[in-house]
1. Would you confirm, using the coordinates I've provided, whether residue 265 is surrounded by fewer than 18 Cβ atoms within 10 Å (Cβ to Cβ), modelled with pLDDT of 95 or more and at positive phi?
2. Quick test of your reading of the structure: residue 319 fulfils all but one of (1) free of Cβ contacts under 8 Å to residues at least 60 places away in the same chain; (2) aliphatic (A, V, I, L, M); (3) part of a loop (DSSP other than H, G, I, E, B). Name the failing condition by number.
3. For region 120-167, which residues satisfy the criterion of being in contact with a strand residue (DSSP E or B) (Cβ under 7 Å, 6 or more places away or on another chain) and closer than 22 Å to residue 274 by Cβ?
4. Mind checking which residues of region 275-307 are under 19 Å from residue 377 (Cβ atoms), of a type in the set (A, V, I, L, M, F, W, C) and open to solvent by less than 50 Å² (accessible area, probe 1.4 Å)?
5. Across region 181-192, which residue is most open to solvent (accessible area, probe 1.4 Å) among those that are within 23 Å of residue 101 (Cα to Cα) and within 15 Å of the chain's Cα centre (by Cα)?
6. Within region 219-254, can you find the residues that are under 17 Å from residue 8 (Cα atoms), among the small types (Gly, Ala, Ser) and outside any helix (DSSP H, G or I)?
7. Which condition breaks for residue 28 when tested against (1) in contact with a helix residue (DSSP H, G or I) (Cβ under 7 Å, 6 or more places away or on another chain); (2) closer than 19 Å to residue 217 by Cβ?
8. Run residue 479 past the list (1) surrounded by fewer than 22 Cβ atoms within 10 Å (Cβ to Cβ); (2) within 15 Å of residue 346 (Cβ to Cβ) and report the number of the one that doesn't hold.
Amino acid sequence: MGSIGVFKNSTLICAPLMSQSVEQVVSDMYEAKTQGADVVEIRLDCIKHFRPHQDLQILLKNKPLPVLIVYRPKWEGGQYEGDENERLDTLRLARELGADYVDLELKVVSDLMEEHQPIRHRDCKLIVSCFIDGMTPSNEDLVQLVGQMQSTGADIIKLVSNSSSITELSGFFYLLSHCQIPLIAYSIGDRGLISQLLGPKFGSILVYGSVEGNPVPGLPTLYSLRQAYGVEYINAETKVFGLISKPVSHSKGHLLHNPTFRYVGYNGIYVPMFVDDLKEFFSVYSSPDFAGFSVGFPYKEAVTDFCDEVQPLAQSIGAVNTIIRRHSDGKLIGYNTDCEASITAIEDAIKVRGCTNGEASLSSPLTGKMFVVVGAGGAGRALAFGAKIRRARVVIFDIDFDRAKSLALAVSGEAQPFEDLVNFQPQKGAILANATTLGMHPNTDRIPVAKATLGDYKLVFDAVYTPRMTTLLKDAEAAGAIVVSGVEMFFRQAVGQFKLFTGEEAPREFMREIILANF
C-alpha cells in the first residue's frame, strides 16, 4: 500500500477576503488564521469607500499572517473603476507599508516595463497574474504565455481561467509540473474545483480556500482543505480517485474516503469531478496518477462503454459505479458495489427487526416478496438485479416506460407506467426502493409514491442520502414501515470501493464513525 507522505508539502493555503469594510477584513483575517489559512488575499477593490493611506495602514498593521494585496480593475474582472495611476500608486504604497505579496496584471507589468518603471520591491514578492477568458489554450500556447510572464521578472506567476470543462484543467497540471518558477494556476467554478485540490500534487505554491460562513463559488472551505482533503500531505506520488458525476455538489464521498486513506496510511486523494463528456474525460485523464473512480448520476450505465473490461455482475446489471485503472496495463476495469450494498442493507434491516415471519429457512427475507423499484437508471438496475438474485418479484416504474420494460425483461419482472405509481396498490408486506433523485436536497419535500400506500410496505428504502432521513422515509416510518436510508447503502458500497481502490480491507468501524459524524 502506498504510504502517505510523512512531511507536509510547501503549498500555502490562501483565503480570499472580499468584505466591504476595512473593519470586517481585519476580523476576517483573524478568522482565516483560526481556520487554517497560511496567507490571506485582500481584495481592495471590494472595500467600499476605500481610503488608500488610512485603510492600508490599518490592514497591514493588524495582519496576523502574510498578506497578498489585490486591487483588481474592472477590465480584468474586478470592481475598481477609478484612475489607473491611482490604483498603481496604491499598490506601490501597499509594498512600502509591509504587504508580503502584491498582484499585478500582466498587461500592466508589460506597460510599466516599456516605460522602464521599477516593478519589484526588495521586501515584497511580485505576483504577475493573467486571467484567461474563454477556452483554456493548448499546452504549447500556455507555455508561451508563461514564458512571457516569466520575462517580467516576477517572483510568482498566476494563471486563472473559467473553464467550461474539467478536461481543460489538464493544461494547468502540465504547467505546474514543468514550470521553472513558482506558479499558481487554477480555474474558478464547479468544473475547476480539482485545480485547487490537486494543485499541491502538481506543484502549485498556493491554493485557495474560503472562510467558513463566507462561501466563494467553486472554492472548497479552509476547513475542508485541511480536514477532509488533507492537502498539506499531497505530493507527486499521491494517487487520484474521484467521483465522476454531473452535478457533484451533493457528494459527500470526500468526507469518507480521504480521512480513511490517511487513517490507513494510503497516499491517495478523493475529489469530486464535474464531468460533461465521458469520452473526453477518459482520453485526457489517462495517466496512472488517476487510479480509480466512483461513478454517480447520470453516468452509471453510459460509463460501461468506456471500460476495457466489466466485472460479470456489473455486466449483467449494465451499470458500473466503480472503475479501477489496472496497474499492469492501465486498462479501466468496471465494477458494481451498489448491488450487494443496497440489497444487504435491506435484508439486514428486516432481520434486525425480526420480521421474517418464520421464513428463517429461506436464503433471503426478500424471496417471494414483491419488490417495487422506482427508477430504472444505474441505482435502480443494481437494486432490481439484487432483488432478482434473491428471487423476489420485481416491479419496475420509470418515467421512461421503454427503459422500465427493458429492465423488467432483464430481471424477469414487470414494468408499469410511471403515471400509475401514484395509484399503485402493493401487496401487503412488499418492499419499496426509491432509486430516483426525488427527495434529494434541495427538493426535499417530494416523494415518488402516494403517501396513503406507505403502510402496505414492510420496508421502504431510499437511495437518496442527502438528507439522511428523506421525506419518503419519514412518512414511511410514520406509517409503520421499516426504513433504510441511502446512507447505509453509501457506507456499504464505499467499503467495497475502498478495497478496490487500495487492495486492502476497509477499516469498517472507522468508516462508520465518519458516516455517523458527517451524514
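The values are calculated or read from the model by the stated rules, or taken from the named source; none is laboratory data. Being a predicted model, the structure only gives us computed values, none of them experimental. Note: ideal-geometry Cβ built from the backbone for every residue, glycine included; neighbour counts use all protein chains shown. Areas reflect the complete protein model, heavy atoms only, side chains present, ligands, DNA and RNA absent. Shrake-Rupley method; radii C 1.70, N 1.55, O 1.52, S 1.80 Å.
1. Considered against the rule, which asks whether it is surrounded by fewer than 18 Cβ atoms within 10 Å (Cβ to Cβ), modelled with pLDDT of 95 or more and at positive phi, residue 265 comes out as yes.
2. (1)
3. 131, 132, 136, 159, 160, 161, 162, 163, 166, listed by residue number.
4. Residues satisfying the conditions are 275, 278, 293, 295, 302, 303, 307.
5. Top of the filtered list is 188.
6. Correct list: 230, 236.
7. (1)
8. Result: residue 479 passes all but (2).
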